[in-house]
Amino acid sequence: MPLEKTYSAKENETKIYKLWEESGFFNPDNLPGDRSESYSIVLPPPNVTGTLHMGHAAMLAIEDSLIRYQRMRGKKTLWLPGTDHAAIATQEKVEKQLYKEKKTRHDFERADFLRLVDQFAQESHDTIVSQIKRMGASIDWSREAFTLDAQRGQAVFEAFKRMFEGGLIYRGERIVNWDPRLQTTVSDDELEWREEKTPFYYLKYGPFTIGTARPETKFGDKYVVMHPDDKRYTEYEHGQKLELEWINGPVTATIIKDPAIDPEFGSGVMTITPWHDSTDFEIAQRHNLDKEQIIDSQGKLLPIAQEFSNQHISKARGKIVEKLTAKGLLEKVDQNYLHRVAINGRGGGLIEPQIMEQWFVDVSKEFELPHSSLMGIKAGQKTTLKKILQLVVKNGQIKILPERFEKNYFHWINNLRDWNISRQIWYGHRIPVWYRSTDAHDRQNGTPSDSRGVEMKINLASPGEGWEQDPDTLDTWFSSGLWTFSTLGWPNDTKDLENFHPTDVLETGYDILFFWVARMVLMSGFLLGEVPFKTVYLHGLVRDEKGAKMSKSLGNIIDPVDMAEKYGADATRLSLIIGNGPGNDLKLSEDKIRGYKHFANKIWNATRFVLMNTADLDLKTTPTYSATQQENLVALKSLTAAVTDDIENYRLYLAAEKLYHYFWHQFADKIIEENKVIIKSGSPQEKQAAQWLLLEILTTNLKLLHPFIPFVTEKLYQALPNKKAPLLMIEAWPLNQ
RNA sequence: GGGCGAUUAGCUCAGUUGGUUAGAGCACUUGCUCGACACGCAAGAGGCCACAGGUUCGAGUCCUGUAUCGCCCACCA
């Protein structure tokens, strides 16, 4: 069938995707030929919070290029899709909707609320799947997973159980980042800091002057801390008691000497509020000091504040300052103080640190691995999660690209504290711990429960009468940390696990190196004694043409599906690959995408020309090439070698650009033009050689281009008289041919 | 405060381990509707490669410093 005069990407792309899907070749089990070597990538699961953006499209373009290349190289190639329930982010979306109707989740039964979230998640999921398909992802839908489905739930339970039994998961009182708005804790990594100008108060505390931006937390302050070497305060001794007048009357203060205090700041003296400040908490821990809660989980003052009790801190602050002034305790106020406040990066609530009972993963506790393929850690040898995280990257068992991110990674590990894995939200994996007691787990006011004398069981379902499940859910990264192997059937011993784990490449954005990449290394290390992947390829953020983050509020979003409809998924993909090395942010404009649409059109027309002019070529003949033509073929070979080398070394941007340049400015502009003349006016033998040459170079180019621009190349391959495979997708890569 | 990155044509960026006259896309100028393609062809203009030193036979590329922009981490009550 002759090719249409003009190429319609939109029409072709849906048809071609169907053809691929129906072939079954997305599934490695169906791939033809002897494929002893396997290759696998798990898709970083998009959050079911809405739709895909250009960053996702870039991820799909890069991963699909790698996958298609490896499939053509003859490997048993698996690309495994899935989505992430994204606990807090998804719940927040639904709660926002409810808020518009003046409702909160607490107006619903837990199960009913969860049904609403599930419904929302299902809709998002369906949209996302159709978007992934639209981009041409050659991904194995038969293995699709969801972080919250039954199989993954099994994996989460097993992981929790093993870590608990290994002593790595513990429950403890710690200072956590509490979000009073969403009524949940937030991990350190998920905080966002905002600079604010707030009044800074200098208060008289006995003979000292202390500074604070938050006078409303100061009611219980009874420790006054200074640096042990501060010469101004040598007359005071550690542990010394002082009687002094404070906000609500006289208090007995105790002097504490601690090196955490910066003598240069203010007067070099401060009082501490261990319950609501992490630095203060640490000082209190070091010296075994009392801790007292001042603010409840709603952000209201507790009875210790006396007449201010039950008032919200935001309202009480002014009145407290008035009282301090009246009592003569306020020395001065700095109105231009710049203060940094933490907010919940997943929802926007202002963080109020609180001491609470939470579940943690201990990153420094020693344990032994029953099996280990980790370099430098033998089975039975003592190690820690922190050590595993460090070692596998240090010794190159995991390679991070670009390399400079390895530094960031080590820095993060050096500062790593125990991982708080419990969240007080409803959507997600519920902590599989059951208690038998009545008052053991009352966290109504954020009051820690007393777990002594309480029976506890790790179980997926209720162990029976009288048992109550921990109300908290797990941090979403707990389940995504298992992703490389939970998707392959773990904890069962499956063929997939054996074949495809560790995976070859993890390709994701550099912004989740710590959240996710590190957690996967941790989980896989502990549970399997393996690395989860051999190479980490980090891509950058996709920004608009001015370099601004794409966001709904800025209205500068370029939607990948819109672009695919307008210019083709092929063009959209190329625009996301060319000119973008790993780890660099990409500035994207519609002009760039349009440019690559022109390229698809060029390929189309050049192929049309070759087909028209080789219609009378007898494929049983053997050409005798001229010297120039032989040189052309040598150049083609070296192009193939260079492109192969680039892809093997993750320089996709170079590979694609070389191909672009060669096809257009070498093949179309020069080689076709030279041989056009020969075909028209050469001898029959010369004509035949020219025809063969064009067909050969074209065929090789379609193969080389296919990983990057799969739709148009597949469509054209189908029209070639000399095609060897049913689909270009499973053709052999032209190296050594 | 610590770390990382960027700075190359009007704009967006390549330039892989240092090696001839520094490249591409878009935009621009001129000429082409000749049977693959005007989503095109041909020709062309446009660059003290941020700045200052240094290493080298040779530096956009390596080293040192400076400036501007951006990002990450930590944090002072």
Practice prompt. Take the range A:243-270 and flag every residue that is open to solvent by 30 Å² or more (accessible area, probe 1.4 Å) and away from RNA strand B (no atom under 15 Å from the Cβ).
Written response: A:Glu243, A:Glu245, A:Asn248, A:Pro250, A:Val251, A:Thr252
Worksheet item: What pairs can you find where one residue is in the range A:591-613 and closer than 21 Å to A:Asn675 by Cβ and open to solvent by less than 50 Å² (accessible area, probe 1.4 Å), the other is modelled with pLDDT of 90 or more and within 6 Å of RNA strand B (Cβ to nearest atom), and their Cβ atoms are less than 6 Å apart, with a gap of 6+ or different chains?
Response: A:Ala606/A:Ala668
Practice prompt. Quick one: in the range A:358-396, of everything that is among the polar types (S, T, N, Q), out of contact with any Pro (no Cβ under 9 Å at 6 or more places or on another chain) and touching a residue at least 24 places away in the same chain (Cβ under 8 Å), which residue is nearest to A:Ala518 (Cα to Cα)?
Written response: A:Ser364
Worksheet item: Which condition breaks for A:Gly50 when tested against (1) touching a helix residue (DSSP H, G or I) at 6+ places or on another chain (Cβ under 9 Å); (2) not in a loop (DSSP other than H, G, I, E, B)?
Response: (2)
Discussion item. Which of the numbered conditions does A:Asp221 fail, given that it passes all the others? Conditions: (1) assigned to a loop (DSSP other than H, G, I, E, B); (2) more than 45 Å from the chain's Cα centre (by Cα); (3) not small (Gly, Ala, Ser).
Written reply: (2)
Fill in: the range A:715-729 - residue that is closer than 17 Å to A:Asn605 by Cβ and under 37 Å from the mean Cα position of the chain (by Cα) and, of those, surrounded by the most Cβ atoms within 10 Å (Cβ to Cβ)
A:Leu716
Practice prompt. Please tell me if A:Ala656 is within 30 Å of A:Ile400 (Cα to Cα), touching a residue at least 24 places away in the same chain (Cβ under 8 Å), part of a helix (DSSP H, G or I) and among the small types (Gly, Ala, Ser).
Written response: yes
Fill in: Restricting the range A:176-213 to residues that are out of contact with any Leu (no Cβ under 8 Å at 6 or more places or on another chain) and in a loop (DSSP other than H, G, I, E, B), the residue that is nearest to RNA strand B (Cβ to nearest atom)
A:Ala213
Response to the item:
Filtering the range A:473-499 down to residues that are part of a loop (DSSP other than H, G, I, E, B) and either surrounded by fewer than 24 Cβ atoms within 10 Å (Cβ to Cβ) or of a type outside the set (Asp, Glu) (or both) yields A:Gly481, A:Leu482, A:Thr487, A:Leu488, A:Gly489, A:Trp490, A:Pro491, A:Asn492, A:Asp493, A:Thr494
Discussion item. Show the residue pairs meeting these rules: Cβ distance below 8 Å; 6+ apart or different chains; first residue within the range A:259-271 and farther than 10 Å from A:Val225 by Cβ and of a type in the set (D, E, K, R); second residue within 6 Å of RNA strand B (Cβ to nearest atom) and assigned to a loop (DSSP other than H, G, I, E, B).
Written reply: A:Asp262/A:Gly268
Worksheet item: Of all residues in the range A:271-290 being part of a loop (DSSP other than H, G, I, E, B) and open to solvent by less than 70 Å² (accessible area, probe 1.4 Å), which is farthest from A:Gly206 (Cα to Cα)?
Response: A:Asp277
Fill in: Subset of the range A:561-585 that is of a type in the set (Val, Ile, Thr) and more than 9 Å from RNA strand B (Cβ to nearest atom) - its residue that is surrounded by the most Cβ atoms within 10 Å (Cβ to Cβ)
A:Thr572
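The rows are residues; the columns are (1) buried (at least 18 other Cβ atoms within 10 Å of the Cβ); (2) touching a helix residue (DSSP H, G or I) at 6+ places or on another chain (Cβ under 7 Å).
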residue: A:Ile343; (1), (2): yes, no
residue: A:Val363; (1), (2): yes, yes
residue: A:Phe367; (1), (2): no, no
residue: A:Pro370; (1), (2): no, no
residue: A:Lys382; (1), (2): no, no
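The values are calculated or read from the model by the stated rules, or taken from the named source; none is laboratory data. None of these values were measured; they are calculated from a predicted model. Reconstructed Cβ throughout: ideal geometry from the backbone, glycine too, with neighbour counts over all protein chains shown. Just so you know, the surface numbers come from the protein's heavy atoms only, side chains and all, with ligands and any DNA or RNA stripped out. Shrake-Rupley method; radii C 1.70, N 1.55, O 1.52, S 1.80 Å.
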